[in-house]
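Please read the structure below before turning to the comments.
The values are calculated or read from the model by the stated rules, or taken from the named source; none is laboratory data. Remember, it's a predicted structure, so these values are computed and weren't measured experimentally. Here Cβ is always computed from backbone atoms with ideal geometry, including for glycine, and neighbour counts include all displayed protein chains. What goes into the accessible areas is simple: the full protein's heavy atoms, side chains included, and nothing from ligands, DNA or RNA. Shrake-Rupley method; radii C 1.70, N 1.55, O 1.52, S 1.80 Å.
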Amino acid sequence: MHKTNIGKKTKIQTKLTIAFMAVAVFIVIVGSITVYTSQTVLRDTIGENTILLAEETLRQVSQDIFFRIEEMQVYAKDQMLEQYLTDSNKEFEALDDIQAYIDKHDKDWISDTESSKELIQQLENNSLSEELQGKVDFYNNKYGHMIFSEIFIANKYGANIAQTRKTEDYYQADEGWWQKSKEEGFYMSDVVYDQSSEIYAITVSVRIDSSEGDFMGVVKAVLNLYEITNIVDNIKYQYLSHLKHSTVDVKLIDKNDKLLYSTGDFKQFEDVSQELYSRYGHINNAQHRDYYIGMGSDGNKKLFSHAHMQDYRDFKSLGWRLIVEHNTREIFAPAYRLRYYLSLITALMFIVAFLLGSIISRRISKPAADLKDALSKINEGNIGNVPRIAVKSQDEIGSLTDVFNKVFDDLKLKTTSINNLDKEISVRKKIELDLRIEKDKLNVILDSTLAGIVLIDAQTHKIVEVNPMAVQMIGAPKEDIVGKACNKFICPAEVGKCPITDLDQGVNNVEGVLLSPRGGNTPILKTVGKVMLGDKLYLVESFMDITKRKEVEQLKDEFISTVSHELRTPLSIIKEGISLVLDEIPGKINKDQKDILQTAKDSTGRLTKIINSLLDISKFEAKKVELERTDVKMSDLAGKVYDMFKNLIEDKGLSFTLKDLSEESMVYIDEDKVVQVFTNLVGNALKFTKQGKIDIIVKDVGSEVECMVFDTGIGIAKKDLPNVFNKFEQFGRTPGPGIKGTGLGLSISKNIVEIHGGQIWVESELGKSTKFIFTLPKIAV
Amino acid sequence: MKKILIIEDEPEQIKLISMRLKANGYDVTSTEVAREGLRIAKEEKPDLILLDILLPDINGLEVAENLKSDIITKEIPIIAFTALGTPDIEEQCKEAGISDFLRKPYESQDLIDKIKKQLEA
């Protein structure tokens, strides 16, 4: 059974589990996508932000430079400057050989002569220069560092007219910047290292025009890159201060891929084109702005954001580039955090979905599975072991389980009843079978028994049942017997005089008659018992046909009568005849004759005894003897016996004593019969004792009197002791003439003693002595 | 001299008893037939009747009853004797009015004693 359960695993559970798993997986997928896209978006955003920052920074730089240039341009409109330039230009115009003049001053400028010094001083200390210096100082003071490291002005002929410090040359017109400025109105150089100021700077020159628009001269300033580098530094600072990012590095690169500035360690003007190229590919496009994630030189993964400087108003872009480097760990931290949390949430959702799925599916499927199991068990017939299913869910399955439980309880009850019924039926069947067997047994017995058995309702005295033997004995058909009153067939008692029910007599092995419908009664020996069948009292009569017995008895009686009569009559005559002669009535006789006749008479006496004994036995057997009981004192009786035998015994030469220990005991006995017993015992003692003594002992032993006849005679062998009281047994009988007995005496004595309610037994030692003992119940005083 | 009537069906028995009785000084009459005995009893009125129970024609007991119911013979004592061994015979004899009883074979002296006793009574 279990196998099938596993094989056919509850589909609902599987389905639900799969569903939830699908959901969970879906969640994971969605989550992953979310995470991924979020990462991408975030990255893009962050990247974009950094690019924007870079761009903004570059814009700031541009702006800074722009404004500085604008300052200069504004300054170029300065009145004093205009005046000075006008004056200088007028001066130079007035010269004959302007070129010679400039060359001379130029030569002087670089020599270390007095005149050069004077010239320089003159240039440096004029009010224009002072004004310029004032500007320089102003910025210096304001910002704490040089903004303009140098400003000088050259007239339209290219000659310095004012400067904040000694320039390299006096003559500037051959310089590219001067020419560019004159032509285009403005010139800006690349970043260079300014020796005199010891700074990296940009040279900016602006054409100065008169209000009429005539070229008057050029003003040139050296802009400290420091401002710009500050701006660049600010990025790092911003990141550090606001976001605590410490891995930001910003690189400022000019249009020639020369590293202008880096917030980290750098080599000024290093050519980083290779690096740029490898990273960005073709990025010379001025519009290129992008970010790139890759490995930095320090081995960390970095975000490289890249932006080009754009034109600022009418200020053409310098073509500089800014690269912001950021450890991805830092810059993408939000993304990572997001990723982490999203992943966590996804995982959690997955687990929750999974668990929920399991739980719910179990909650749903378990009741169903339980239901299914229970039903399977019922199907197997195993209803006894099926437990009630706990209703756990509130849904349809719960209701179903409820219904199931109800149905099941009902079914259980019914099945139990059925089972009980089944059991009962089989028990009943067994009982029926047993009953039938018993009935059959009974019938067999009843049918085959030689006794007639009749069942009578004790109350109505109607015959309820007869067995075949009874039917046969009664001699009427069964249907004529059953239902009739019992005194019609069974016993001749009158109505109301039933010996059992009315007269309360016991009928046990009593002779009675069966009343035959044909007339003529059958003598029977019957016993009647009372029995309760169910709640009714019945009489069970069982009887045997003793016709034969009766006939035999009668024959016996007749025989005995006849025989005894026939024996006695001649015996009487013989005896009388002998007596007459012995008494010498017909005439005298001599001694010899007397002896002979006496012997003969003795013999007749013996014969008489035998005949009497025979008669006695038949009497006893028929139990027709009625004892004539009287109160007798034991001592008297014993004395009588003693007197009877005294002479006889002593004549034989034996000692004869009577020990009376009866202590006045009285017995309720037939005296003659008991005397007969004594006679028998003493007679036997006399017969079998040749020498020694014979004792009679009567003793009071509580509720009885014990009578003993003891002799020192020949005794009885142990093997013969059990048979002593049997009829016709004789012991110690020597063949030939001698002591002869009837063999009946002890049997008769036993009968007499037992009829009186006593016991008789013998103890003997062969060759030594014999004791015959019998007891008689005493009369309680 | 007292007269004794013997009603007995054995002639030898009669002979012997008569001898004994005569030797004791009694006058003896006898018959083997009960009917005859009745007649003799009624006619001669003996002093005592010895009656055997088992008789060929009439049961000795009936004879006794007859004798006892007849006014003439009512007073005559009857001694019955029989060879019958039935135990209740004595009882039956008593009921029939018989005064005494002897079983055969009997002691001769017993007979004489019983006769004496009846005659003296």
Restricting region B:90-99 to residues that are over 11 Å from the mean Cα position of the chain (by Cα) and surrounded by 19 or more Cβ atoms within 10 Å (Cβ to Cβ), the one nearest to the other protein chains (Cβ to nearest Cβ) turns out to be B:Cys93
Given (1) open to solvent by 70 Å² or more (accessible area, probe 1.4 Å); (2) aliphatic (A, V, I, L, M); (3) outside any loop (DSSP other than H, G, I, E, B), number of the condition B:Leu21 does not satisfy:
(1)
Of all residues in region A:681-723, how many are assigned to a loop (DSSP other than H, G, I, E, B), under 24 Å from A:Lys659 (Cβ atoms) and out of contact with any Phe, Trp or Tyr (no Cβ under 7 Å at 6 or more places or on another chain)?
9
Give the residues of region A:644-678 that are touching a residue at least 60 places away in the same chain (Cβ under 8 Å) and in a loop (DSSP other than H, G, I, E, B), sorted by residue number.
A:Ser665, A:Asp670
Can you tell which of B:Leu111, B:Leu102, B:Leu84 is in contact (Cβ under 8 Å) with a residue 12 or more places away in the chain, under 30 Å from A:Asp583 (Cα atoms), within 14 Å of another protein chain (Cβ to nearest Cβ) and assigned to a loop (DSSP other than H, G, I, E, B)?
B:Leu84
State the number of residues belonging to region B:64-81 that are over 12 Å from the mean Cα position of the chain (by Cα) and within 14 Å of chain A (Cβ to nearest Cβ).
0
Kindly establish whether A:Ile231 is β-branched (Val, Ile, Thr), touching a residue at least 40 places away in the same chain (Cβ under 8 Å) and over 28 Å from A:Tyr193 (Cα atoms).
no
Is it fair to say A:Thr630 is away from chain B (no Cβ under 14 Å) and either without any contact (Cβ under 8 Å) to a residue 12 or more places away in the chain or surrounded by fewer than 15 Cβ atoms within 10 Å (Cβ to Cβ) (or both)?
yes
Given (1) part of a helix (DSSP H, G or I); (2) surrounded by 15 or more Cβ atoms within 10 Å (Cβ to Cβ), where does A:His326 come up short, assuming only one miss?
(1)
Yes/no for B:Leu50 being modelled with pLDDT of 90 or more, part of a strand (DSSP E or B) and within 14 Å of chain A (Cβ to nearest Cβ):
yes
Options A:Glu168, A:Glu198, A:Glu150, A:Glu184: the member that is closer than 19 Å to A:Val74 by Cβ, surrounded by fewer than 23 Cβ atoms within 10 Å (Cβ to Cβ) and charged (D, E, K, R)
A:Glu184
Only one residue in B:Ala64, B:Ala83 is open to solvent by less than 20 Å² (accessible area, probe 1.4 Å), in contact with a helix residue (DSSP H, G or I) (Cβ under 6 Å, 6 or more places away or on another chain) and at pLDDT below 85, so which one is that?
B:Ala83
Looking at the structure I just gave you, is A:His288 outside any strand (DSSP E or B), out of contact with any Leu (no Cβ under 9 Å at 6 or more places or on another chain) and closer than 26 Å to A:Met188 by Cα?
yes
Those residues of region A:53-76 which are free of Cβ contacts under 8 Å to residues at least 60 places away in the same chain and open to solvent by 70 Å² or more (accessible area, probe 1.4 Å), in sequence order
A:Glu56, A:Phe67, A:Val74
Pick from region A:518-542, criterion touching a residue at least 40 places away in the same chain (Cβ under 8 Å) and open to solvent by 80 Å² or more (accessible area, probe 1.4 Å), ranking: nearest to A:Met473 (Cα to Cα)
A:Arg518
When restricted to B:Asp57, B:Asp9, the only residue open to solvent by less than 60 Å² (accessible area, probe 1.4 Å), of a type outside the set (Val, Ile, Thr) and either farther than 19 Å from B:Ile112 by Cα or assigned to a loop (DSSP other than H, G, I, E, B) (or both) is B:Asp9
Residue selected from region A:293-342 under the condition without any contact (Cβ under 8 Å) to a residue 60 or more places away in the chain and of a type in the set (Lys, Arg), by the criterion farthest from A:Lys255 (Cα to Cα)
A:Arg337
Would you confirm, using the coordinates I've provided, whether A:Ser572 is facing chain B (nearest Cβ under 10 Å), over 16 Å from B:Glu10 (Cα atoms), surrounded by 18 or more Cβ atoms within 10 Å (Cβ to Cβ) and of a type outside the set (Val, Ile, Thr)?
no
Counted residues, region A:73-103 - those being in a helix (DSSP H, G or I) and either under 13 Å from A:Ala162 (Cβ atoms) or among the aromatic types (Phe, Trp, Tyr) (or both)
11
A:Ile560 passes all but one of (1) free of Cβ contacts under 8 Å to residues at least 24 places away in the same chain; (2) facing chain B (nearest Cβ under 7 Å); which number fails?
(1)
